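This report concerns only the one structure given below.
The values are calculated or read from the model by the stated rules, or taken from the named source; none is laboratory data. The structure displayed is predicted, hence computed values, not measured ones. Here the Cβ is made from the backbone with ideal geometry for all residues, glycine too, and neighbour counts use every protein chain on show.
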Amino acid sequence: MAQSYPTKPVRAIVPYPPGGGTDIMSRAICAKLSEVWGMQVVVDNRGGGGTIIGTELASRAPADGYTLLITSPSFVINPATRSKLPYDTAKDFQPVTQFASQAYVLALHPKVPARDLKEFIALAKAKPDSLNFGSTGIGSGSHLAGELFKYLTGTALTHVAYKGMGPAIADLIGGQTQFVFATILPVTPHVRSGRLRAVAVSTEKRAATLPDLPTIAEGGVAGYGTHSWSGMFAPAGTPRAIVEKLNAEIVKILHQPDTRERLAADGAEPAGTTIREFELFIRNEIAKWSKVLRAAKITVN
């Protein structure tokens with residue numbers, strides 16, 4: 001079965017609109033798979049509902065390897081923030097492999113009168129509820145990066161939920177919001193062009209591609225640290241041979257020098273985990289966020 005797979009085009013559902021970090025990563029990997037297999041691997045963007053719309057669609061697909069899901073932290077966060085989901089996160093999906101991990105960049109609209117993190121925090125404290133930040137949805141990784149920032153800095157900031165990071169960044173550039181916590185991939189081109197101003201990264205260590213940008217912890221917010229990730233899942237029950245073939249091919253792609261260089265240039269660190277490693281990672285992430293979010297009483301009705 002694995003030797004003949006795939007014999008027809010493969011659909012990779014991305015539960016975000018085009019333009020965000022997960023979408024950019026997905027297109028890079030799927031293009032490589034298409035080259036290797038000589039068969040088209042199509043990215044199908046199904047944004048909305050805090051990633052639930054696209055994730056549910058993938059959960060209901062036949063378990064034959066021809067419909068896959070490529071997603072990010074919302075996958076493990078949603079079970080803790082929503083009392084009812086139209087799928088079982090732990091039981092309806094088979095982890096394949098983690099693609100990469102990425103830092104969030106705290107990026108401001110150029111007209112925000114703050115040149116660095118300390119000035120931004122001072123501005124937020126001086127003008128509570130006057131600064132808005134966009135995210136990929138309530139309970140998403142980019143939303144919780146902002147909530148953690150609010151909690152640790154004692155600032156009053158207003159969250160605006162979008163269907164994906166592409167629209168959130170578009171509104172930030174247009175001045176409808178004032179800042180964002182976005183992964184390096186989609187935000188870096190706008191920082192380099194001057195349309196946005198980056199002041200810090202979310203990870204415990206500085207990003208290799210933005211070495212001059214301090215971490216939020218370095219900027220004075222002790223204990224701050226979070227990051228994004230992306231990875232592939234198949235519907236539960238997909239033949240093990242197909243899952244193993246997908247894992248092997250993607251890990252091989254992630255180790256190719258041009259892939260690593262491309263991802264590193266965009267601020268992502270390639271992962272390429274084994275199936276078992278990704279299974280354990282997902283299980284631990286679900287448990288971690290369930291504990292953190294219930295303690296913080298962040299829920300979505």
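Per the conditions (1) touching a residue at least 60 places away in the same chain (Cβ under 8 Å); (2) part of a helix (DSSP H, G or I); (3) surrounded by fewer than 24 Cβ atoms within 10 Å (Cβ to Cβ), the sole criterion not satisfied by Arg192 is (1). Answer with yes or no whether Val10 is out of contact with any helix residue (DSSP H, G or I) (no Cβ under 6 Å at 6 or more places or on another chain), surrounded by fewer than 22 Cβ atoms within 10 Å (Cβ to Cβ) and of a type in the set (Val, Ile, Thr). It is true that Val10 is out of contact with any helix residue (DSSP H, G or I) (no Cβ under 6 Å at 6 or more places or on another chain), surrounded by fewer than 22 Cβ atoms within 10 Å (Cβ to Cβ) and of a type in the set (Val, Ile, Thr). Of all residues in the range 195-240, those being in contact with an Asp or Glu (Cβ under 6 Å, 6 or more places away or on another chain) and without any contact (Cβ under 8 Å) to a residue 24 or more places away in the chain number 1.
Using the structure shown, decide if Thr51 is farther than 22 Å from Ala207 by Cβ, at pLDDT 95 or above, in contact with a helix residue (DSSP H, G or I) (Cβ under 8 Å, 6 or more places away or on another chain) and outside the structural domain of Arg197 (by TED's automatic domain parsing). No, not satisfied.
I need the full set of residues from the range 226-266 which are of a type in the set (Asp, Glu), more than 11 Å from Ile29 (Cα to Cα) and either part of a helix (DSSP H, G or I) or touching a Phe, Trp or Tyr at 6+ places or on another chain (Cβ under 8 Å) (or both), in order please. Selection gives Glu244, Asp258, Glu261. Within the range 18-53, if we keep just the residues that are among the hydrophobic types (A, V, I, L, M, F, W, C) and closer than 19 Å to Ser101 by Cα, the residue that is surrounded by the most Cβ atoms within 10 Å (Cβ to Cβ) turns out to be Met25.
The criterion of being more than 30 Å from Tyr151 (Cβ to Cβ), exposed (fewer than 15 other Cβ atoms within 10 Å of the Cβ), at pLDDT below 90 and not assigned by TED's automatic domain parsing to the domain that holds Leu148 does not hold for Glu244.
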